[in-house]
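Below is one structure, written out as structure tokens; comments come after it.
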Amino acid sequence: MGLFTSSLLEQVLTTTLYILETTTTVFNETFASDVIEGLSSTPKFLSSKYFYDEKGDAIFQQIMDMPSYYLTRSEYQIFDTHKQALLQLFGPNCTPFHLVEFGAGDGLKTKVLLKHFIDQKACFRYLPIDISENVLSLLTHDLEINFPTLEVEPLANDYFKALDILNQREQNERKVILFLGSNIGNFEHDQAIGFLQKMRQHLNPNDLLLIGFDLKKDPSVILEAYNDKEGVTASFNLNLLDRINKEFDGNFDTSKFRHNPTYNPLTGATKSYMVSTEDQVITLEKLGKSFHFEAWEAIDMEISQKYSLSTIQHLADKAGFEVTSNFFDKNNYFVDSVWSVK
Ligand SMILES: C[S@@+](CC[C@H](N)C(=O)[O-])C[C@H]1O[C@@H](n2cnc3c(N)ncnc32)[C@H](O)[C@@H]1O
């Protein structure tokens, strides 16, 4: 601890506020062009990264609390069981490191590590990156209260834009990147390889990457996690249509769309679709655009890929990483895989 002087800390806070303001405008423009592109395509698609506005963040918290959503509990258990082994990998003998988290969200599981690392007097600083300013400011506030001695530097930006900003400033400190919650599964296979290769280019030889992968398992267990009877996951998906209505003055009627998740055990892909229950036209006034939906036409909303250990090894090989250790939960539902740069 104690890596920062107070004036340096002030400088960092000012820079962070500036980044927050400028990225909001760029983000809104990108959101608009992504929505137009997705709803004009055949088949139609929307990116799941836009699920997370204030309401989306809150619904995701509810999802993580659901008994059927095993992912959060599994990864929590892995961290709780293996926190000391992870510290030995990240910062042995008090080697200083930057703990950078991609898509930090509410940091529920990360806090298990943060607490242990602080208790063990590890020399680290925490840099959560998230595209949702809302969730990031909630997390920062929470950490200020619960871990007042922890040095936190939030970066409200897209993953690699944030990493670029970080790399421009810091070259020497070891980076340990956390990419939890099987967020990697939100990419198609080729996209995931491209993403990991890009990650590799941003890392130095001494850096580490910890990725959470949801493993292939009984298909009924997987499908239930994305299709709860209470309809929480459905409302999470429908909220993106509400968000588009709000931000672009649209007229999506969510009662005329149905959430439809599927799991293919052959490919390991869980996919969520939003299906139009009737022929209809949606207009987004602010963008001056209308989109026609045929009855039962679907929007591709999300992929949540499930993995085998051989696929994980293949991803690491393709992207230029070496698998250093794998940590499993007691059910073998989930693995946190630590990779070093090859
Ligand atoms: C499914 S949540 C997972 C949160 C947390 N990592 C966990 O495991 O519980 C995904 C988080 O990643 C963020 N996110 C999604 N796409 C992003 C992107 N391209 N750049 C930065 N953050 C992103 C979302 O805002 C959200 O908070």
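Going down the table (K216/K271; K115/K318; K217/K271), which pairs top 23 Å between alpha carbons? Working shown, then result.
On the way: K216/K271 14 Å; K115/K318 34 Å; K217/K271 16 Å.
Over 23 Å Cα-Cα: K115/K318.
Picking from L238, F321, L284, whose Cα lies most toward the positive end of the charge dipole for segment 184-342 (charges on Cβ: Lys, Arg +1; Asp, Glu -1)?
F321
Using the Cα centre of the chain as origin and beta-carbon charges of +1 (Lys, Arg) and -1 (Asp, Glu), tell me which of Y263, S304, L114 is placed farthest towards the positive end of the dipole.
Value computed over the given set: L114.
With the chain treated as a Gaussian network of Cα nodes joined by springs under 10 Å, which of P128, P148, P219 yields the largest mean-square fluctuation?
P148
Taking GluC sites (Glu not before Pro) that fall in a DSSP loop and have at most 14 other Cβ atoms within 10 Å as cut points, what is the longest piece of the chain between them?
Numbers: sites that count: E170, E188, E230, E278, E294.
The longest such stretch corresponds to 1-169.
What's the extension gain from S310 to T262 if we count 0.36 nm per residue and subtract their Cα-Cα distance? Please list the in-between numbers first.
Details: separation 48, 0.36 × 48 = 17.28 nm, distance 2.30 nm.
Value of the extension gain: 15.0 nm.
Once the dipole of segment 159-296 is set up with Lys and Arg at +1 and Asp and Glu at -1 on Cβ about the Cα centre, which of A295, N227, H189 lies farthest towards its positive end?
The residue sitting most towards the positive pole is H189.
For a label point 7 angstrom out from the Cα of C94 toward its Cβ, which stretches of segment 121-135 have the backbone nitrogen within less than 13 Å?
Those under the cut-off are 121-124.
Between the DSSP loop rule and a limit of at most 13 other Cβ atoms within 10 Å, which trypsin sites (Lys or Arg not before Pro) in segment 206-309 are left?
Details: sites: K216, K217, K229, R243, K246, K256, R258, K271, K286, K289, K306; in loops: K216, K217, K229, K306.
Listed in order of number, the matching sites are K229.
Counting Lys +1, Arg +1, Asp -1, Glu -1, what net charge surrounds D119 among other residues with beta carbon under 14 Å of its beta carbon?
Numbers: positive: K83, K111, K115, K121; negative: D80.
Summing Lys/Arg as +1 and Asp/Glu as -1 gives +3.
In nm, give the distance between the simple-model label positions of Q201 and K217, each being 7 Å from the Cα along the Cα-to-Cβ direction.
Spacing of the two 7 Å Cα→Cβ label points: 3.6 nm.
Could you tell me the calculated FRET efficiency between D80 and N28, based on Cβ-Cβ distance and R0 = 45 angstrom, to the nearest 0.05?
Details: r = 39 Å, r/R0 = 0.86.
Once the sixth-power term is evaluated, E becomes 0.70.
Is the shape of segment 223-328 best called rounded, prolate or oblate, per the rule: a/c under 1.5 gives rounded, else a/b larger than b/c gives prolate, else oblate, with a ≥ b ≥ c the square roots of the Cα gyration tensor eigenvalues? Each step should come with its number before you reach the end.
Numbers: a/c = 2.72, a/b = 2.10, b/c = 1.29.
Prolate, because a/c is 1.5 or more and a/b exceeds b/c.
Apply 1/(1 + (r/R0)^6) to the Cβ-Cβ distance of T324 and W296, taking R0 = 56 Å, and write down the FRET efficiency to the nearest 0.05. Intermediate results must be reported in sequence, preceding the final value.
Numbers: r = 47 Å, r/R0 = 0.85.
Computed FRET efficiency for T324 and W296: 0.75.
Can you give me the angle between helix 159-169 and the longest principal axis of the chain, using Cα atoms only, in degrees from 0 to 90, rounded to the nearest 10?
Compared with the principal axis, the helix lies near 30 degrees.
With +1 on the Cβ of every Lys and Arg and -1 on the Cβ of every Asp and Glu, and nothing else charged, how large is the dipole of segment 138-177 about its Cα centre, in debye rounded to the nearest 20?
160
Given R₀ = 22 Å, FRET efficiency for K121-V341 by Cβ-Cβ distance, to 0.05? Before the final figure, lay out the partial values.
Details: r = 27 Å, r/R0 = 1.22.
It comes to 0.25.
Using the crude model of +1 on Lys and Arg Cβ and -1 on Asp and Glu Cβ, and no other charge, please compute the dipole size for the chain relative to its Cα centre, in debye to 20. Please report the intermediate quantities before stating the final value.
Values: 30 positive and 47 negative charges, 210 e Å.
The calculation lands at about 1000 debye.
Anyone know which of F321, F97, F248 comes out most mobile in the 10 Å Cα GNM of the chain?
F248
Within straight cross-link reach of K246, meaning Cα distance under 25 Å, which lysines are found once same-chain residues fewer than 8 apart are removed?
K44, K49, K55, K256, K286, K289
Coordinate-derived values only; no laboratory data. As the structure is a prediction and not an experimental result, all values here were calculated from the model. All Cβ positions, glycine included, derive from the backbone under ideal geometry; neighbour counts span all protein chains shown.
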